[in-house]
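Novice: This is the structure I have questions about; it appears just below.
The values are calculated or read from the model by the stated rules, or taken from the named source; none is laboratory data. This is a predicted model, so every value here is computed, not measured. Cβ: placed from backbone, ideal geometry, glycine included. Neighbour counts: every protein chain shown. Areas reflect the complete protein model, heavy atoms only, side chains present, ligands, DNA and RNA absent. Shrake-Rupley method; radii C 1.70, N 1.55, O 1.52, S 1.80 Å.
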Amino acid sequence: MKFSLKILLWTIIVMALALGFSGFYFVNYVFETSLEREVGQAMDESSILGFAFETAALSVPAKYSVLPDNTVEEIAANLERGGQSSGRLLRISDEGKTVLYASDGFEMDDALLQQTDENNKTYRIITAGDKYYVHTGTTVNAMNRILYLENMRDVSEVFTERAMGFSLYRKVTLIMLLAGIIIMHFISSLLTKPVRILTEATKRMASGDYAYRAKKVSQDELGALTQDFNSMAGALEQNIEKLEEEIEAKEEFMGAFAHELKTPLTAIIGYADMLRSHKMDEEKSIMSANYIYTEGKRLEAMSLRLLDIIVAGKEEAQLQKVSAESVFGYLKGMFAGGRDMTFHFTYEQGEVFAEINLIKTVLVNLIDNACKASENGGQIEVSGQAVDKGYRFAVRDYGIGIPEAELHKITKAFYMVDKSRARSKNGAGLGLALCVEILKIHHSELEIESEAGKGSCFSFVLPQIAQESQQMEADNV
């Protein structure tokens, strides 16, 4: 069952119960008040009739010491005729409660008469045919006789009014329930509109429309829920976009990896087959073996780079105190005079926290990339400088540069701006991807400045030991 229908149903149930109890209580209250009034009037009328009877008995001639029965009947008849307009019904009984006079239509039993005595007046509500009466009983003391006077007052109108009240109440209740159904249907639809909107939004998102947003139609809790849902949907859309990008990147990675494996393997298999199936002179044999060796080393380097990336992405760096002088001493020993390039090493004194072997790998990769991007005899500048946030390492070349549109892609694995140039120099497109992973575990990032045809500058900042020590001391305190 829909939530709006539940609201409507429970509202109608509550309304029906409320109207039922309140209407029943009201009609009954009016009825009981009217009946109580009629009973009071009947008791008053009974007292008046008793007084009138006693007064009439005083006019009996003095020759009678006891009121005769025929006189009792005559006085009772006169009292009855005096109340014709009200439909008065009387019954007079003697001391032994034997009936002396009864009006036509007075056919009640003696139950009330037996309960009546000199000390109390009695009454009851009775039915006779389709009419209701207040049956009263009282005693009359007339000329040394104790008589019992019973009176029946017609109160059918009170019961008729009650029946009419209940009938009117049922009609009014039915009308109010119908009006309530219409009004509450509108209200429940209005109240549950945000829920319906959210339901539609979830269906749209479930079908793949992650850009869909629910419309906020209220300022209450449901409006806040709609806003939170839209925020969640935005976060979900971003996460899905990231996942899609990661999936696409993995697919590109696998395609590039397969291609990178295929090229050296084809050369290795081809030259190995030539050596296996043909007799060649020494020069061709050496050339074939050299191709096999070169491509094999390329596969080895690519495998080691991939392993380094995987390990760097999962491990935490074991930071230790490192001086900039030791790092630059290592780089000078590795590159000075070893390639057909001009290297310039300049640095300031400073210390950082780093895992020395990993940082050396980053700098070696950056210098190696700078060499591949430069022509023979090109200049490579490697510098170190103390800055406010730590110590900056930078590698600058004046080679081919990187187009602006390619800058955001070059740190992806196997991505190469100039694939033919990179492969001719045994490049696989893994160096910068490895550098990014290593810098991540050092809480640093690679900064790239480049312009096509003018060269590139790759730099990163590592924290200084002084700053790190102050932070550790503050944490200890």
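Novice: Would you mention how many residues in segment 103-120 are buried (at least 16 other Cβ atoms within 10 Å of the Cβ) and closer than 12 Å to Tyr148 by Cβ?
Specialist: Residues meeting the conditions: 3.
Novice: Identify the residue in segment 75-102 that is surrounded by 14 or more Cβ atoms within 10 Å (Cβ to Cβ) and part of a helix (DSSP H, G or I) and, among all such residues, is modelled with the lowest pLDDT.
Specialist: So, considering only residues that are surrounded by 14 or more Cβ atoms within 10 Å (Cβ to Cβ) and part of a helix (DSSP H, G or I), the one modelled with the lowest pLDDT is Glu80.
Novice: Okay, next question. Which residue pairs have Cβ atoms under 8 Å apart, sit 6 or more places apart or on different chains, and have a first residue in segment 199-215 that is on the phi > 0 side of the Ramachandran plot and open to solvent by less than 70 Å² (accessible area, probe 1.4 Å) and a second that is of a type in the set (D, E, K, R) and assigned to a helix (DSSP H, G or I)?
Specialist: Cβ pairs passing all conditions: none.
Novice: Let me ask something else about it. Suppose we filter Val158, Val172 for residues that are in contact with a helix residue (DSSP H, G or I) (Cβ under 6 Å, 6 or more places away or on another chain), aliphatic (A, V, I, L, M) and assigned to a helix (DSSP H, G or I); which single one remains?
Specialist: Val158
Novice: I've got another one for you. Residue by residue through segment 1-16, note down the ones that are within 18 Å of Ile182 (Cα to Cα) and either surrounded by fewer than 16 Cβ atoms within 10 Å (Cβ to Cβ) or among the basic types (Lys, Arg) (or both).
Specialist: Lys2, Phe3, Leu5, Lys6, Leu9, Trp10, Ile13, Val14, Ala16
Novice: Anything in segment 127-169 that is without any contact (Cβ under 8 Å) to a residue 40 or more places away in the chain and either under 54 Å from the mean Cα position of the chain (by Cα) or over 30 Å from Asp44 (Cβ atoms) (or both)? List them, or say none.
Specialist: Result: Ala163, Met164, Ser167, Leu168.
Novice: Can I ask one more? How many residues, within segment 175-216, are closer than 25 Å to Asn239 by Cβ, not in a helix (DSSP H, G or I) and not basic (Lys, Arg)?
Specialist: 7
For (1) modelled with pLDDT under 75; (2) within 26 Å of Glu351 (Cβ to Cβ); (3) hydroxyl-bearing (Ser, Thr, Tyr), each residue gets a yes or a no:
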| position | (1), (2), (3) |
| --- | --- |
| Arg396 | no, yes, no |
| Ser424 | yes, no, yes |
| Gly427 | yes, no, no |
| Val436 | no, yes, no |
| His442 | no, yes, no |
| Phe460 | no, yes, no |
| Pro463 | no, yes, no |
| Asn476 | yes, yes, no |
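Novice: Which one of Ile286, Ile309 is at pLDDT below 75 and in a helix (DSSP H, G or I)?
Specialist: Within the list Ile286, Ile309, the selection yields Ile309.
Novice: I've got another one for you. Which residues, counting only those in segment 219-248, are surrounded by 15 or more Cβ atoms within 10 Å (Cβ to Cβ) and over 15 Å from the mean Cα position of the chain (by Cα)?
Specialist: Glu237
Novice: List the pairs whose first member sits in segment 16-29 and is closer than 17 Å to Met164 by Cα and assigned to a helix (DSSP H, G or I), whose second member is open to solvent by 60 Å² or more (accessible area, probe 1.4 Å) and of a type in the set (Val, Ile, Thr), and whose Cβ atoms are under 8 Å apart, counting only residues at least 6 apart or on separate chains?
Specialist: Gly23/Val172
Novice: Please name all residue pairs, on different chains or six or more residues apart, with Cβ atoms under 7 Å, provided the first residue is in segment 382-396 and is on the phi > 0 side of the Ramachandran plot and open to solvent by less than 40 Å² (accessible area, probe 1.4 Å) and the second residue is assigned to a strand (DSSP E or B) and not hydroxyl-bearing (Ser, Thr, Tyr).
Specialist: Correct list of pairs: Gly390/Val352; Gly390/Val461; Gly390/Leu462; Gly390/Gln464.
Novice: Taking the condition of being open to solvent by 40 Å² or more (accessible area, probe 1.4 Å) and within 17 Å of Ile92 (Cβ to Cβ), how many residues in segment 35-57 meet it?
Specialist: Within segment 35-57, residues that are open to solvent by 40 Å² or more (accessible area, probe 1.4 Å) and within 17 Å of Ile92 (Cβ to Cβ) number 5.
Novice: Of (1) over 27 Å from Ala163 (Cα atoms); (2) in a strand (DSSP E or B); (3) open to solvent by less than 20 Å² (accessible area, probe 1.4 Å), Thr136 satisfies all except one. Which?
Specialist: So the condition that Thr136 fails would be (1).
Novice: Does segment 337-375 hold any residues that are surrounded by 13 or more Cβ atoms within 10 Å (Cβ to Cβ) and over 27 Å from Gln318 (Cα atoms), and which are they?
Specialist: Scanning segment 337-375 gives Arg339, Met341, Phe343, Ala370, Cys371, Lys372, Ala373, Ser374.
Novice: Select from segment 103-124 the residues that are aliphatic (A, V, I, L, M) and in contact with an Asp or Glu (Cβ under 9 Å, 6 or more places away or on another chain) and write down the one among them that is modelled with the lowest pLDDT.
Specialist: Filtering segment 103-124 for residues that are aliphatic (A, V, I, L, M) and in contact with an Asp or Glu (Cβ under 9 Å, 6 or more places away or on another chain), the one modelled with the lowest pLDDT comes out as Met108.
Novice: Looking at this structure, is Glu32 open to solvent by 30 Å² or more (accessible area, probe 1.4 Å), within 26 Å of Leu174 (Cα to Cα) and not polar (S, T, N, Q)?
Specialist: yes
Novice: Here's a follow-up. With the requirement that a residue be touching a Gly at 6+ places or on another chain (Cβ under 6 Å) and within 24 Å of Ser93 (Cα to Cα), what does segment 118-170 give you?
Specialist: Thr122, Thr138, Val140, Leu149, Glu150, Asp154
Novice: Further question on the same structure: Exactly one condition in (1) under 60 Å from the mean Cα position of the chain (by Cα); (2) of a type in the set (Lys, Arg); (3) more than 26 Å from Ile175 (Cα to Cα) is false for Arg88; which is it?
Specialist: (1) is the only condition that Arg88 fails.
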